[in-house]
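Colleague: Please read through the structure below; I'll follow up with questions.
Derivation of every value follows stated rules applied to the coordinates shown; laboratory data play no part. A quick note: this is a predicted structure, and the numbers were derived from the prediction, not measured. Neighbour counts are summed over all protein chains in view; Cβ atoms, including those assigned to glycine, are modelled from backbone coordinates with ideal geometry.
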Amino acid sequence: MGSSAIKCWTTFIGHTMSTTPWPEIHKVVVIYFLLSWLPVCCSSPDPGLRESLMLQESSWETGGRLLLTKAELQLSERLHRLKEQEMASADFPPALHFFRAKPLIQRSPIYSLLRAMPKGAALHIHDFSLVGVEWLVRNVTYRPHCYMCFTQDQSVRFLFSSREPKSIPLCSSWVLLTTLRAKTGNTTDFDNSLVSNLTLFTDDPEEAYTSQDAVWKRFEQAFTTAWGLVTYAPVFKDYYYEGLKQLYMDNCMYLELRALLPETYELDGGTHDRSWGLSAYQEVTRQFVSEHPDFLGARVIFTVHRGLNESMVLKAVEEAMNLQKAFPEIMAGFDLVGREDKGRTLWSFREALSLPGKRGVNLPFFFHAGETDEYGTEVDGNLLDALLFNTSRIGHGFALLRHPLVKELSRKRGIAVEVCPISNQVLKLVSDLRNHPATVLMSEGHPLVISSDDPALFGASGLSHDFYEAFVGIGGLNSHIGTLKELAMNSIRYSSLSPELKVKALDIWKKKWDKFISENSR
Ligand SMILES: *[C@@H]1O[C@H](CO)[C@@H](O)[C@H](O)[C@H]1NC(C)=O
Ligand SMILES: *[C@@H]1O[C@H](CO)[C@@H](O)[C@H](O)[C@H]1NC(C)=O
Ligand SMILES: *[C@@H]1O[C@H](CO)[C@@H](O)[C@H](O)[C@H]1NC(C)=O
Ligand SMILES: *[C@@H]1O[C@H](CO)[C@@H](O)[C@H](O)[C@H]1NC(C)=O
Ligand SMILES: *[C@@H]1O[C@H](CO)[C@@H](O)[C@H](O)[C@H]1NC(C)=O
Ligand SMILES: [Zn+2]
């Protein structure tokens, strides 16, 4: 075959690929079919064809179709060089457990750039793990009237009270922290022990967490330890304010918070209900935005535990509809939380989840689904069911590759997957993040956003650590500045904001982005 014939082939394939409306998978079949004829007539593949196919493939990936400016390309080249250096080192952070990788990541110039980069919105973070635990220990436990008790399972509980609290089954005696600290030889050591009660961090994670059961047990324990601190009404507000501040410092501009809206309490034992919690979030958000006009605010996805029974979830959905009506500005929707493998399935709650539809109420869902590696179980069916209940996004979707039909539907309907790399690694779904399933989703430009799930429990801050893992580990050498740009824009595009607010958000973000690019490209 002469060179003009090859050109003809190349043009034909390129043209066919860019003009047909077929799904990508069909295009692959066509390319394969066309290529299968080449060896018959040619001794070696045509470099022009090769180049064109490579370009074709890279145009599919996240950010692959964005037109980049000269300055963006310059920064991209710099990032590429830095990535090559990190990949060549013996300890490549994404291949290590995050607890081991964190000090290396902190030193990485890529991480510094990602911290400075305007990342848009954090769409998947939970209420009790929003603020770095250092703040809980160094600020909250130093407030007056803070009691602590040692539990039988080597953990601690906290409670603020004007009188000595009554003993509860798990802990028999409460002591004021001021008293405890006065008796402790070294308060730094003591405070560090409190920090370790509130996080999953350990020097030897492989040894400490030998199974998913073991790590989830510790996860729930740390979560419960934070409970008494965070649900004290004055702390509840300060904690949330501090959370917004930490996100803002990490160059995020909007939050969608998965929130249990727990009962909160006062010193005298008086309590507040869910509406109080929601209006507290609303009030603090407004205050924060008034002080930081380039921060767009936050919305709340009301969550209940998936271990609840059907009638409790039905009640929760009804309550969600009422809250939605009373607080339309801040309420974004509803979700179920807790370990999927141990909880009830979405399908088992079908009556409760169909209620809004039956009543003609629009209550958006943001389901965690597919946070499992147990292929073919009932729980593994959550991904399909999430879509059947018209979920707005998919939390984790770790199992999505095993469900090609669900994957196709989520792509077509623009239902984004919230990818939380560090969470998936710490909770033992994957160990080397280069093997995270999102690497495929990213390579084919599936709608996705990056988030951090429970950053405080994992010792991560804001979104930057997870962006590092996604950019360097999941994206490999392939991901580039366009990937980062698209991921940031996705976080606004797939948020629950109104179309008008999305325009405003993108506008604010774009100005920050341009500034970031001009400051960091040389
Ligand atoms: C704790 O944080 C609050 C704000 O949330 C601040 O006003 C206070 O000074 C801090 N206290 C300490 C001991 O750091
Ligand atoms: C407390 O212990 C830490 C190390 O755990 C040490 O660096 C510090 O000097 C000790 N402080 C006092 C007052 O002994
Ligand atoms: C929790 O804190 C207590 C009190 O300092 C300590 O004895 C215990 O070892 C800590 N537990 C964990 C899991 O860090
Ligand atoms: C559901 O759970 C609630 C609270 O634990 C309990 O009171 C109720 O009896 C349970 N209902 C059923 C049908 O099991
Ligand atoms: C999901 O959306 C489709 C199309 O809008 C609608 O027909 C269907 O009833 C919805 N399903 C539920 C469970 O709300
Ligand atoms: Zn989550």
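Colleague: Hey, with R₀ at 56 Å, roughly what FRET efficiency would residue 290 and residue 90 work out to, going by the Cβ-Cβ distance, to 0.05? Present the calculation step by step, with values, prior to reporting the outcome.
Modeller: Numbers: r = 49 Å, r/R0 = 0.88.
Computed FRET efficiency for residue 290 and residue 90 comes out at 0.70.
Colleague: Here is a further query. If the cut-off is 19 Å between C-alpha atoms, which lysines fall inside it for residue 325, apart from same-chain ones fewer than 8 positions away?
Modeller: Straight-distance partners of residue 325: 315, 358.
Colleague: Let me have the 222 nm mean residue ellipticity of the chain computed from DSSP H runs of 4+ only, each contributing -39500 (n - 2.57), with the sum over all residues rounded to the nearest 500.
Modeller: Working: 24 runs with 266 residues, N = 522.
Theoretical 222 nm ellipticity from helices: -15500 deg cm²/dmol.
Colleague: Now for a different question. Please arrange 199, 62 by counting, for each residue, the other beta carbons lying within 10 Å of its beta carbon, fewest first.
Modeller: Values: 199 22, 62 27.
Ascending number of Cβ neighbours within 10 Å: 199, 62.
Colleague: Once fully extended, how much extra length lies between residue 145 and residue 514, figured as 0.36 nm per residue of separation less the alpha-carbon to alpha-carbon distance?
Modeller: Numbers: separation 369, 0.36 × 369 = 132.84 nm, distance 4.83 nm.
Taking residue 145 through residue 514 to full extension adds about 128.0 nm, to one decimal.
Colleague: I need to check one value: relative contact order of segment 128-237, counting alpha carbon pairs closer than 8 Å and at least 6 residues apart, in percent.
Modeller: The normalised contact order for segment 128-237 reaches 32 percent.
Colleague: Now a separate question. Going by C-beta contacts inside 10 Å, put 507, 453 in order with the fewest on the left.
Modeller: Values: 507 10, 453 27.
The most exposed by this proxy come first: 507, 453.
Colleague: Between segment 419-451 and segment 102-141, what's the alpha-carbon centroid distance in Å?
Modeller: One Cα centre to the other: 18 Å.
Colleague: Over 29 Å between Cα atoms: which of 102/412; 70/428; 102/217 fall into that group? Each step should come with its number before you reach the end.
Modeller: Working: 102/412 36 Å; 70/428 41 Å; 102/217 23 Å.
Table pairs above 29 Å Cα-Cα are 102/412; 70/428.
Colleague: Simple spin-label model, 7 Å along Cα-to-Cβ: residue 68 to residue 116 in nm?
Modeller: Calculated label separation equals 1.7 nm.
Colleague: Taking the Cα-to-Cβ direction at residue 390 and at residue 249 and moving 7 Å from each Cα, how far apart do the two end points lie in nm?
Modeller: Once both label points are built, they end up 4.1 nm from each other.
Colleague: Right, something else. Near the amide H of residue 120, under 5 Å away, which other amide H atoms are found, from residues 5 or more places off or on another chain, if H is placed in the peptide plane?
Modeller: Amide H neighbours of residue 120: 253.
Colleague: Right, here's the next one. Taking R0 as 30 Å, what FRET efficiency do you get between residue 107 and residue 348 from their Cβ-Cβ distance, rounded to the nearest 0.05? Please report the intermediate quantities before stating the final value.
Modeller: Numbers: r = 47 Å, r/R0 = 1.56.
Here the calculated transfer efficiency is 0.05.
Colleague: Let me ask another. Give the percent of DSSP beta bridges with both residues in the chain that are antiparallel, rounded to the nearest 5.
Modeller: Details: 10 of 38 bridges.
Roughly 25 percent of the DSSP beta bridges within the chain come out antiparallel.
Colleague: Once the other residues with Cβ under 15 Å from the Cβ of residue 88 are scored (Lys, Arg +1; Asp, Glu -1), what is the net sum? Before the final figure, lay out each step's value.
Modeller: On the way: positive: 81, 83, 434; negative: 84, 86, 91.
Around residue 88, the charge tally is 0.
Colleague: If the only charges are +1 at each Lys and Arg Cβ and -1 at each Asp and Glu Cβ, what is the size of the charge dipole of segment 180-288 around the Cα centre, to the nearest 20 debye? Write out the running numbers ahead of the final one.
Modeller: Values: 9 positive and 17 negative charges, 65 e Å.
Dipole of segment 180-288, to the nearest 20 debye: 320 debye.
Colleague: If you don't mind, another one. Could you derive backbone 3J(HN,Hα) for segment 296-301 from the dihedral phi with the Karplus parameters 6.51, -1.76 and 1.60 (θ = phi - 60°), listing whole Hz in sequence and x where the residue is Gly or Pro?
Modeller: Using θ = phi - 60°, the values come out as 8, x, 7, 10, 10, 9 Hz.
Colleague: Relative to the Cα centre, what is the charge dipole magnitude of the chain, using +1 at the beta carbon of each Lys and Arg, -1 at the beta carbon of each Asp and Glu, and rounding to the nearest 20 debye?
Modeller: Numbers: 54 positive and 60 negative charges, 218 e Å.
Rounded to the nearest 20 debye, it is 1040 debye.
Colleague: Right, here's the next one. Which aspartates and glutamates have a Cα less than 19 Å from the Cα of residue 502, not counting those fewer than 8 places away in the same chain?
Modeller: 256, 294, 329, 418, 486, 514
Colleague: Using unit Cβ charges (K, R positive; D, E negative) and no other charged atoms, how large, in debye to the nearest 20, is the dipole of segment 134-219 about its Cα centre? Can you show the working numbers first?
Modeller: On the way: 9 positive and 10 negative charges, 141 e Å.
Computed about the Cα centre, the dipole is about 680 debye.
Colleague: How far apart, in nanometres, would the label points at residue 305 and residue 189 be if each is projected 7 angstrom from Cα along the Cα-to-Cβ direction?
Modeller: 3.5
Colleague: Given the C-alpha centroids of segment 182-223 and segment 491-507, what is the distance between them in whole angstrom?
Modeller: So the separation of the two Cα centres works out to 38 Å.
Colleague: Then there's this: Over the chain, what is the relative contact order in whole percent, taking alpha-carbon pairs under 8 Å and six or more residues apart? Numbers along the way, then the final one.
Modeller: Numbers: 805 pairs, mean separation 110.0, N = 522.
Across the chain, relative contact order equals 21 percent.
Colleague: Further question: Suppose the chain between residue 322 and residue 341 were pulled fully straight at 0.36 nm per residue; how much longer would it get relative to their current alpha carbon spacing? Walk me through the numbers on the way to the answer.
Modeller: Working: separation 19, 0.36 × 19 = 6.84 nm, distance 2.97 nm.
Net length gain for the segment: 3.9 nm.
Colleague: Using the number of other C-beta atoms within 10 angstrom as an exposure proxy, rank 398, 160, 389 with the fewest first.
Modeller: On the way: 398 26, 160 22, 389 18.
Fewest-to-most ranking of 398, 160, 389: 389, 160, 398.
Colleague: Okay, next question. Taking the Cα centroid of segment 361-392 and of segment 163-180, what is the distance between the two, rounded to the nearest whole Å?
Modeller: Here the answer is 41 Å between Cα centres.
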